[in-house]
1. Using 0.36 nm per residue, how much length does the chain from Asp279 to Asp311 gain when fully extended, once their Cα-Cα distance is taken away?
2. Based on the alpha-carbon gyration tensor of region 195-259 and its eigenvalue square roots a ≥ b ≥ c, which shape applies: rounded if a/c is under 1.5, prolate if not and a/b is larger than b/c, or oblate?
3. Given R₀ = 22 Å, what would the calculated FRET efficiency be for Asn302 paired with Leu166, taking r from the Cβ atoms and rounding to 0.05?
4. How large is the charge dipole for region 234-338, taken about the Cα centre, if only the Cβ atoms of Lys, Arg (+1) and Asp, Glu (-1) carry charge, to the nearest 20 debye?
5. If I model a spin label as a point 7 Å beyond the Cα along the Cα-Cβ vector, how far apart are those points for Ala267 and Arg4 in nm?
6. Mind running the shape call on region 221-280? Use the C-alpha gyration tensor, a ≥ b ≥ c as the square roots of the eigenvalues: rounded below 1.5 for a/c, prolate if a/b tops b/c, oblate otherwise.
7. Å³ per residue of the Cα convex hull, for region 110-195?
8. First check a/c for region 180-338, with a ≥ b ≥ c the square roots of the eigenvalues of its C-alpha gyration tensor; if it is under 1.5, answer rounded, and if not, answer prolate when a/b is larger than b/c or oblate otherwise.
Amino acid sequence: MMSRQMLATDEWDDAAIGALLDRAAQLKAGRDPQPRALEGRVLANLFFNPSLRTRASFEVAMLRHGGACIALEPGKGVWGFETRPGVVMDGDAAEHLVDAARVLGRYGDLLGVRAFPSAPTWEEARRDEVLKIVAREAGVGVINLESARRHPCQGLADALTIREQLGTPRGKRFVLAWCWHPRALPTAVPVSAALAASREGMEVVIARPRGFDLDPEDMRAIEAMAGRNGGSVSTTDDLNAAMEGAEIVYAKSWGSLRRYGDAESEARGRAGLRHWRIDEDLMARTAGGQGRLMHCLPLRRNVIVTDGVLDGPWSVVTDQAENRLHVQRALLLDLLGDA
Ligand code: CP
């Protein structure tokens, strides 16, 4: 029987996510550690893109519960995959992802997939075809390890971190602060973080320069989540004003979707925006000057956030990264465990 999937947190209801977060907090506290709960179970992860936290934390999570995890990198010691349907495979790719997913589903009890957007247009990239092929063909449950649209495990860790830091997040200000970066980065993390804060009923403020709006369908999902949970969502291009009274500042860069796939246009679009960077003066505007700084990592120091903020009292980025491990332990126990 096919196990449950974690492709997007917004496909899970509030009670299920709440239970996952409660269990993650228990595991982090060392209560009910269940060291053999996943004995004999195998997680097989496919990384089409690099990773430190996702890869290491899933391997450690399986180890902590007596299971095993393998990580495969297509094109690096593993065949390069074709993903298009119906294509005559007379190019470089030696194997179709459909076949690879079917085979890996016979070896693993659960598969993970990381596949950033790579299609030439956002219209194509936003369909998340690689993730969908694996989810459709594997015959076992699949975890999204970050796709074009969602990074659910990051969103779960974000939610746990917000709860730890604020106790009662409802009604408090969460600022998703766009930051300058030399490259166009995916929108999965900012969308997933905004979904997490919205589910907590926070006042979500998305501060971004004009031209850097998130995907309209993802915005509707964030707004619907906020609406169901007593939160609110607004968008501004005034970062200084947004920071006033913020309890959480979530720094993140992302690419302009209307310039997607056009590096020259993207560079023009972000020219003159290097001042969109979180520094000590901006953090001083937050609630009591003591707002928390979050980021999913990896992060370019002094480009996205200054050393002074990252190494100062505001930053919770290492706790946030640690929480990846605990939420994923809870998720794996939910998807693969007996209890
Ligand atoms: N935050 C995150 O997903 O980190 P990695 O890219 O290192 O996995």
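1. Fully extending the segment from Asp279 to Asp311 adds 10.4 nm.
2. Because a/c hits 1.5 or more and a/b fails to exceed b/c, region 195-259 counts as oblate.
3. So, using R0 = 22 Å, E works out to roughly 0.20.
4. 360 debye
5. Result for the modelled spin labels: 4.7 nm.
6. oblate
7. 120 Å³
8. rounded
Every number here is computed from the coordinates shown, using simple stated rules; none is lab data. The structure displayed is predicted, hence computed values, not measured ones. Backbone-built Cβ (ideal geometry, glycine too); neighbour counts: all protein chains shown.
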